[in-house]
Amino acid sequence: MSIYNQDISNIFKKKKALIGYITLGDPSVELTYEYGCTLIENGVDIIEIGMPFSDPIADGPVIQASHQRALSTNEDVSLRQAFKLITKLKKRFPKTPIVIMTAINLVIQYSVEKCFKDAKACGCDGFILPDCSIEMATDYTKQARKAQISLIHLISPLCSSSRLKKIVNASEGFLYLISSTGITGERDAFATNLSHIIKSIKAVKDIPVAVGFGISKPDHVRDIYSFADGAIVGSHLIQVIAKHKDKNKTCEALKKSIKTLLKT
Amino acid sequence: MTKPDRNGFFGEFGGSFVPDTLMPALHELEVCYQKVKQDPSFKMELSELLAEYVGRPSPLFYASRLSEKYGYSIYLKREDLNHTGAHKINNTLGQILLAKQMGKKRIIAETGAGQHGVATATVCALMGMPCDIYMGAEDIQRQALNVYRMKLLGAQVFSVNSGSKTLKDATTEAIRDWMKNVEHTHYIIGSALGPHPYPMIVRDFQRVIGKEAKKQMLEKEGRLPHHVIACIGGGSNAIGMFYEFIDEKDVTLLGVEAAGEGLNKKHAASLTKGRPGVLHGSLNNLLQNNDGQIEIAHSISAGLDYPGVGPELSYLKSIDRLKVQAVTDKEALSACSIVSKCEGIIPALETAHAFAVLSKKNLFKKGDIIALCVSGRGDKDMETFREHL
């Protein structure tokens with residue numbers, strides 16, 4: 001397990017982890033902070049800050065719409081802004097791991113080395129780069145390790161065993177197992193071989209595995225907790241945020257969603 | 001001539017920047033392609049269809065009145081005479097044969113101007129495969145006739161309402177569909193773009209343009225041209241036309257991008273004004289802001305209205321092998337009018353950009369031999385012509 005990300009490993013050591021995704025700047029950067037606090041206070045163990053991108057290929061309609069809302073506010077929703085937000089969140093919740101999920105182009109344009117260095121400086125624990133296949137990841141892995149940032153790779157149920165090995169070996173912090181093929185968003189069916197894949201992962205390296213894509217019901221969480229180390233909730237929370245205009249009502253609704261999801 | 005490298009890079013450009021879900025499909029595609037590429041029966045089936053169905057080889061036509069007007073020897077590679085009226089079918093035909101080899105049951109594609117959509121719907125009809133086309137809502141409006149064509153050919157056309165509602169967004173949507181249905185669906189990408197091995201495959205299927213042009217030129221002139229010209233959107237007709245000439249150092253390769261309303265206003269000139277970045281699965285020259293958000297491209301021509309350009313052309317530009325000019329909407333329209341009246345050939349708006357450089361001073365010398373790729377015909381653009389000319 002990662003030595004430089006004690007916070008992430010501590011979480012998984014203690015319990016199953018609930019990981020919550022929110023988009024930076026949807027509906028505003030200030031509210032992203034508020035909603036982040038609400039999630040943490042109500043049982044979310046790790047926060048994923050989603051960077052809005054004009055052309056997200058891995059995301060479903062809910063998150064794509066969220067990105068478009070964030071980009072259309074004219075507020076700064078760059079990585080610089082994300083780093084500021086993380087600084088603020090970390091001040092209040094120093095032990096809660098925070099990772100950034102972003103299209104790789106934003107990292108490239110920021111400059112890879114500087115991006116990971118600045119991220120580390122603000123307390124960011126890791127990066128998820130959904131459009132960076134393991135074949136492309138060598139330089140990014142090197143830079144992230146140098147900055148002591150965890151690169152959290154996605155792994156799909158279609159992954160071959162030789163690629164799985166490569167991905168697991170390059171991963172730090174935890175692994176993001178995609179529940180089924182396709183894009184992010186709510187769905188009914190997960191791939192049937194998830195627990196088998198997790199066994200294969202653990203045979204390579206002792207690293208926590210969280211399952212994401214389409215998790216929206218208490219049943220899903222219960223199911224995933226039975227064979228994985230954590231569950232990732234994204235679109236479901238984004239829908240709650242999109243539905244409520246008022247800040248207090250949104251916080252209440254987020255609180256309720258988390259409580260419901262964790263009802264086991 | 002052996003590019004790309006193992007990971008799909010042309011110099012620093014290319015690669016496969018995609019979610020893990022797509023990697024098995026891309027590997028499968030590459031393995032299958034490398035295998036069938038050598039297979040005599042595949043080669044024969046493709047070349048027979050190219051001859052009997054597409055009508056290849058397309059002529060290299062000496063444009064005598066244009067030549068006289070400008071003072072150069074101008075030859076036109078007539079891809080507009082292909083079945084469906086553009087070069088796009090060279091690629092769709094090759095790819096549907098690949099899809100069949102891989103046992104895929106459904107075809108998806110993105111389209112901008114609609115030419116690639118029509119070419120895909122056409123080969124799907126030919127092979128009896130279901131076909132879903134993603135097209136930006138704005139393009140659907142601009143190219144209503146092509147939408148109808150696709151439907152008549154049995155395809156379903158899905159309107160894409162996100163972002164700029166053009167080719168970029170249609171491509172994003174097609175990739176997302178592919179992510180969901182990758183096990184039984186083949187994605188026929190329309191330009192030499194996207195993750196490896198697509199830029200290589202599309203180039204190889206479009207290579208026939210330059211291969212024929214070179215041979216025809218040698219027959220007609222006994223020598224190679226001084227200049228080879230093609231318009232560039234994503235770059236499939238351009239790389240197809242240029243590829244056989246890359247190693248011919250005495251031949252200038254001239255690509256023409258869309259300068260839209262002007263290079264300081266809205267345009268689609270990603271080679272001239274873009275920076276390297278990742279969009280739709282590969283690292284290319286892109287129009288983007290400082291943070292890396294993709295900018296909305298503009299061109300009067302839907303086929304050039306894309307904020308990126310393929311990796312191989314990005315590379316050729318970076319090593320200075322490819323020269324690039326940008327041509328405004330207005331210049332393209334005026335070129336279209338000239339070519340129509342001079343040669344009785346109404347080019348597509350995309351192609352009109354290539355013609356427009358003929359009037360630029362200092363690019364060519366008197367008597368130069370030029371081979372220009374007429375990538376498509378203008379039938380689909382009649383509404384635009386009528387409005388602006």
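Quick look at the numbers
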read-out: The stretch B:12-141: antiparallel DSSP beta bridges as a percent of all, rounded to 5; value: 40
read-out: Counting DSSP beta bridges with both ends in the protein assembly as shown, the antiparallel % (nearest 5); value: 20
read-out: Mean ellipticity per residue at 222 nm, deg cm²/dmol - from DSSP H runs of n ≥ 4 across chain A, formula -39500 (n - 2.57); value: -14500 deg cm²/dmol
read-out: Shape of the protein assembly as shown, Cα gyration tensor, a/c cut at 1.5; value: prolate
read-out: Global form of the stretch A:109-264, assessed from the alpha-carbon gyration tensor, a/c cut-off 1.5; value: oblate
read-out: Calculated [θ] (222 nm, deg cm²/dmol) that DSSP helices of n ≥ 4 give over chain B, each run adding -39,500 (n - 2.57); value: -12500 deg cm²/dmol
read-out: Set of lysines near residue A:166 by C-alpha distance (under 16 Å), chain-local residues within fewer than 8 positions excluded; value: A:142, A:199, A:202, A:205
read-out: Residue-by-residue Karplus 3J(HN,Hα) for the stretch B:384-389, coefficients 6.51, -1.76, 1.60, Hz, glycine and proline x; value: 5, 4, 4, 6, 9, 9
read-out: ³J(HN,Hα) computed for each position of the stretch B:142-156 - Karplus, 6.51 cos²θ - 1.76 cosθ + 1.60, integer Hz, glycine/proline x; value: 5, 10, 4, 5, 5, 4, 4, 4, 4, 5, 4, 7, x, 8, 9
read-out: J(HN,Hα) series, the stretch A:113-122, from Karplus relation 6.51 cos²θ - 1.76 cosθ + 1.60, nearest Hz, glycine and proline x; value: 4, 5, 4, 5, 5, 5, 4, 4, 4, 8
read-out: Two-site label geometry, residue A:76 and residue B:383: point separation in nm, points 7 Å out along Cα→Cβ; value: 4.3
read-out: Residues with amide H under 5 Å from that of residue B:288, placed H, sequence gap 5 or more; value: B:275, B:295
read-out: Helix B:88-101 vs. chain B, principal-axis angle (Cα, 0 to 90°, nearest 10); value: 20
read-out: Unit charges at the beta carbon, dipole of chain B: most positive-side option, B:206, B:60, B:271; value: B:60
read-out: Cleavage-rule hits (GluC sites (Glu not before Pro)) in the stretch B:1-110: DSSP loop, at most 15 neighbouring Cβ within 10 angstrom; value: B:12
read-out: Inverse mean reciprocal Cα-Cα distance (Kirkwood Rh) of the stretch B:8-115, Å; value: 17.0
read-out: Cysteines in chain B lacking a second Cys C-beta under 4.7 Å; value: B:32, B:231, B:336, B:342, B:373
read-out: Over 22 Å between alpha carbons, listed pairs A:13/A:256; A:15/A:84; A:13/A:90; B:105/B:165; value: A:13/A:256; A:15/A:84; B:105/B:165
read-out: Student exercise, chain B dipole from Lys, Arg, Asp, Glu Cβ charges, in Debye to nearest 20; value: 640
read-out: Peptide ranges B:233-241, B:112-120, B:124-132 listed from the most packed, as the mean C-beta count within 10 angstrom indicates; value: B:233-241, B:112-120, B:124-132
read-out: DSSP-loop trypsin sites (Lys or Arg not before Pro) across the stretch B:293-389, with at most 10 other Cβ within 10 angstrom; value: B:361, B:365, B:366
read-out: For chain B: rounded, prolate or oblate by the Cα gyration tensor [a/c cutoff 1.5]; value: rounded
read-out: Dipole axis of chain B (+1 Lys, Arg; -1 Asp, Glu on Cβ), positive-most option in B:13, B:164, B:25; value: B:13
read-out: Too-long pairs where the Cα-Cα distance tops 25 Å, listed order kept, from B:266/B:380; A:217/A:255; A:14/A:146; A:114/B:180; value: A:14/A:146; A:114/B:180
read-out: Averaged over B:270-277, number of beta-carbon atoms from partner chains that fall within 10 Å; value: 1
read-out: Whichever lysines have a C-alpha closer than 22 Å to that of residue B:220, once near sequence neighbours (fewer than 8 apart) are set aside; value: B:69, B:77, B:211, B:249, B:365, B:366
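None of the figures in this text is laboratory data; all of them are computed from the coordinates on show. Model, not experiment: these values are computed from the prediction. Note: ideal-geometry Cβ built from the backbone for every residue, glycine included; neighbour counts use all protein chains shown.
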